[in-house]
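The values are calculated or read from the model by the stated rules, or taken from the named source; none is laboratory data. Note that the structure is predicted; figures quoted are calculated from it, not measured. Here Cβ is always computed from backbone atoms with ideal geometry, including for glycine, and neighbour counts include all displayed protein chains. These area figures cover heavy atoms from the full protein model, side chains too; ligands, DNA and RNA do not enter into them. Shrake-Rupley method; radii C 1.70, N 1.55, O 1.52, S 1.80 Å.
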Amino acid sequence: MVKTKLSTKKTLKNMLIVVITIFVLLTVRIGWIQMVQGSELQTMAYVQQTLDRNINPKRGNIYDATGKVLLATSASVETVTINPTNIKTEDKQKVAECLANTFNLKYDDVLKKVNKKTSIETIIKKVDKDKTDQLREWMQQNGINSGINIDEDTKRYYPYQTLASQVIGFCGSDNQGLDGIEAKYDDILKGQMGKIQKVMDATGGNADYEKENYIPAIDGKDLVISIDMTVQSIAEKYLKNACVDNKCTDGGNIIIMNPKTGDVLAMAEYPDYNLNSPYDAYTPELSQTWDNLSEADQMKELQKVWRNKAISDGYEPGSVFKILTASAALQEGIAEVDKAGEFYDPGYIIVDGVKMQCWRYYNPHGSESLRQALMNSCNPVFIGLGEKLGVKTYFSYLQKFGMLERTGIDLYGEANSIFLKESKVGPIELATYAFGQRFEVTPIQMVRMASVIANGGKLVTPRIVKQIIDPTTGEKTDIPVKISDNVISEQTAKNVLSMMGSVVSEGTGKGSQVAGYSIAGKTGTSEDGVNTGKYIASFMAIAPMEDPELVMLITLYNPTGEGGHQGGGIVAPLSGQILSEVLPYLGVVKKVDDTKPVVTVPELRGMSITDAQKAVKELGLKLSIRNKPDGELDESKTIIVEQSPKPGIKINQDNTILVDI
């Protein structure tokens, strides 16, 4: 009996110990869950109990330099999702059938999603509203009011399709910028995602006691860029024609920049691609074989055309680079502009025991001044100038002109130049540098270098985006112009500009002449690599000489047509064609020819188009509307708000007055 009682007490004692131990362990576990894992578990519970559907913000617009032309915008579309657990079993097949038919999808794929046990499935993204309206009508007719969600969304759209494609870039399906401005300014353009939050019950269905919590999206900010749609269109038109006519196997590019501000008015590439369908074949020839290419090969082709060679690819600039050598020589006082017989070209020059010929070795230029040497693009003269300057001094000017650094243009993918290290440059290398061979620079670096000569000696940073606008508040943020102090004197810049003017008026760049305008320029022809058999033809233009408004570089890669591959032969005339349209558009007034009738430009601002037409006709002038909208225009009621040239300017008859309405 006593033994039994002791045994019972021992059992109770053990049980008590076990209970206490379990209680302590439970307390510790509860404390751990509450204190350590509490935040994490609370978040997990929220995720399980809520259903979030994202609302894409409207991506900011991109406008051209005028602030009026829309280059990229976001159209309103909608995205369709489903909550499979909220669709009744008896409705699943007909819901799948409706979704498949409405959006032209495979029925079996849609049915799999409808039968899933997940909380949300995406059926289709970025679909036009007329399609989703059909779905809404079907849902109403069939009494289905839960399980199918139609949410607002946006889709990127480019009204001008191929215009400035390598500059603007494009977006992915999630509205993220993938290239060009779209990528560089993605954080500003994309805005902030919104949400529709809904609480769910334990089965995954809607909790009737809770309503949807709508958190609106915040739209992205707008950009005003430096690209002028009209200037860009002109450049692209002539570039395409030139590449086709001259059979440029590797395409070409044109950059037009304001040398005072660094604003890039045009950056054209050929070939280009359609921004609305960036993953499609971009030429008729490529379309014929596109489906036969592997996915990897297709991507290689696309990456080639997406690439902005004007900033990403180096090339040998050839004789255009002689303007830097001439600038350094004048600045250092080792040469004069018009000293007769200062140089002599026998058709070659000996450098470190190596005979280096002039391009016209068979008919030497003979006695020349520096101006004549630049006009003739005479290699021996510039090789000699390089020798006199020496490696150290020459490299100091490469640095001053920004040739040893990236320009800082606000686009991704900018490459730097490729020069030998200063310590490894010998007499032969210096000689080739002096006339523009055996190194690589990018076209945008060359335009920046020429802008120093055009703006009186200052180094400017190229700019693509001019202004950021908050569409909600209207607040505008200007992107500052970046310009340095003089890297060469104003007089040196004027002297080189004057010599470049002679290149166009009397030298190898005659093809770039435009009646009524003073054009400065320099031709360039270079090898595309060593012993490749390929050439690069180029031309640098500055206009007008009196007060330069633009610097333009045209580069054609491997022209193989009947016109040859010389810059003076095929690119200078192209420059003249472009400038004949761009300069009047920019409001640059032609020089007055005293041998022809001269009239004073009248005040047209505030007048109707009809009245202005009469006024200019009486003076023997013409009228052109610069920003004429599509469709019919009531000229009697349309008022002129701006004009170029301004009132009071003297011009020759038969000129055209450009007006804005």
### Query
Of the residues that make up segment 599-608, is at least one open to solvent by 50 Å² or more (accessible area, probe 1.4 Å) and outside any loop (DSSP other than H, G, I, E, B)?
yes
### Query
For segment 324-389, list the strands (runs of 3 or more DSSP E) that sit wholly inside it and hold at least 3 residues that are farther than 25 Å from I453 by Cβ; which are they?
348-351, 354-357
### Task
Consider T102 carefully, then state whether it is closer than 27 Å to I196 by Cβ and either at pLDDT 85 or above or touching a Phe, Trp or Tyr at 6+ places or on another chain (Cβ under 7 Å) (or both).
yes
### Task
Inspect all residues belonging to segment 324-338 and state whether any of them is open to solvent by 70 Å² or more (accessible area, probe 1.4 Å), at pLDDT 95 or above and under 21 Å from S505 (Cβ atoms).
yes
## Note on the structure
Residue set E316, E332, E301; condition farther than 30 Å from Y282 by Cβ and not β-branched (V, I, T); output residue E332
### Message
Scan segment 595-609 and tell me whether some residue there is under 34 Å from the mean Cα position of the chain (by Cα) and either over 20 Å from P544 (Cα atoms) or at pLDDT 85 or above (or both).
### Response
no
### Message
Going residue by residue through segment 539-554, is there one that turns out to be hydrophobic (A, V, I, L, M, F, W, C), open to solvent by less than 10 Å² (accessible area, probe 1.4 Å) and without any contact (Cβ under 8 Å) to a residue 60 or more places away in the chain?
### Response
yes
### Query
Which residues, counting only those in segment 110-144, are of a type in the set (D, E, K, R), open to solvent by less than 50 Å² (accessible area, probe 1.4 Å) and over 15 Å from T85 (Cα atoms)?
K126
### Message
Cβ-Cβ under 8 Å, sequence separation 6+ or interchain: first residue in segment 60-80 and farther than 30 Å from Q134 by Cα and assigned to a loop (DSSP other than H, G, I, E, B), partner open to solvent by 20 Å² or more (accessible area, probe 1.4 Å) and among the aromatic types (F, W, Y). Which pairs?
### Response
V69/Y63
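Name the single residue, out of those in segment 300-323 being of a type in the set (K, R) and in a helix (DSSP H, G or I), that is least open to solvent (accessible area, probe 1.4 Å).
Checking each candidate, the answer is K322.
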### Query
Within the set of pairs 6 or more residues apart or between chains, which connect a residue that is over 18 Å from T132 (Cβ atoms) inside segment 82-99 to a residue that is among the acidic types (D, E) with Cβ atoms less than 9 Å apart?
P84/E121
### Task
From K195, K155, grab the single residue that is outside any loop (DSSP other than H, G, I, E, B), more than 21 Å from D64 (Cα to Cα) and open to solvent by 40 Å² or more (accessible area, probe 1.4 Å).
K195
### Message
Regarding segment 242-250, can at least one residue be identified that is under 17 Å from I578 (Cβ atoms) and either in contact with a Ser or Thr (Cβ under 7 Å, 6 or more places away or on another chain) or in a loop (DSSP other than H, G, I, E, B) (or both)?
### Response
yes
### Summary
Picked from segment 508-522 (must be open to solvent by 10 Å² or more (accessible area, probe 1.4 Å) and assigned to a strand (DSSP E or B)), the residue nearest to G251 (Cα to Cα) is V514
### Summary
Restricting attention to segment 523-538, the residues that are open to solvent by less than 40 Å² (accessible area, probe 1.4 Å) and farther than 21 Å from L583 by Cα number exactly 6
### Query
Which is surrounded by fewer than 22 Cβ atoms within 10 Å (Cβ to Cβ), at pLDDT 95 or above and part of a helix (DSSP H, G or I), of S396, S451?
S396
### Task
For segment 119-135, state whether one or more residues are assigned to a helix (DSSP H, G or I), farther than 30 Å from G169 by Cα and either in contact with a strand residue (DSSP E or B) (Cβ under 8 Å, 6 or more places away or on another chain) or of a type outside the set (S, T, N, Q) (or both).
yes
### Query
List the pairs whose first member sits in segment 360-385 and is over 15 Å from I349 (Cα atoms) and in contact (Cβ under 8 Å) with a residue 24 or more places away in the chain, whose second member is in a loop (DSSP other than H, G, I, E, B) and of a type in the set (A, V, I, L, M), and whose Cβ atoms are under 8 Å apart, counting only residues at least 6 apart or on separate chains?
S369/V337; S369/A340; L370/A335; L370/V337; R371/V337
### Query
Residues L275, L265: which one is of a type in the set (A, V, I, L, M), in contact (Cβ under 8 Å) with a residue 60 or more places away in the chain and part of a loop (DSSP other than H, G, I, E, B)?
L275
### Task
Identify, by number, the condition in (1) surrounded by 16 or more Cβ atoms within 10 Å (Cβ to Cβ); (2) at pLDDT 75 or above that D245 doesn't meet.
(1)
### Query
Among the residues of segment 56-66, is there at least one that is farther than 26 Å from N276 by Cβ and buried (at least 21 other Cβ atoms within 10 Å of the Cβ)?
no
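This table checks each residue for (1) modelled with pLDDT of 95 or more; (2) over 36 Å from the mean Cα position of the chain (by Cα).
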| site | (1), (2) |
| --- | --- |
| Q166 | yes, no |
| S173 | no, no |
| G191 | no, no |
| G194 | no, no |
| D201 | no, yes |
| Y209 | no, yes |
| P216 | no, no |
| K221 | yes, no |
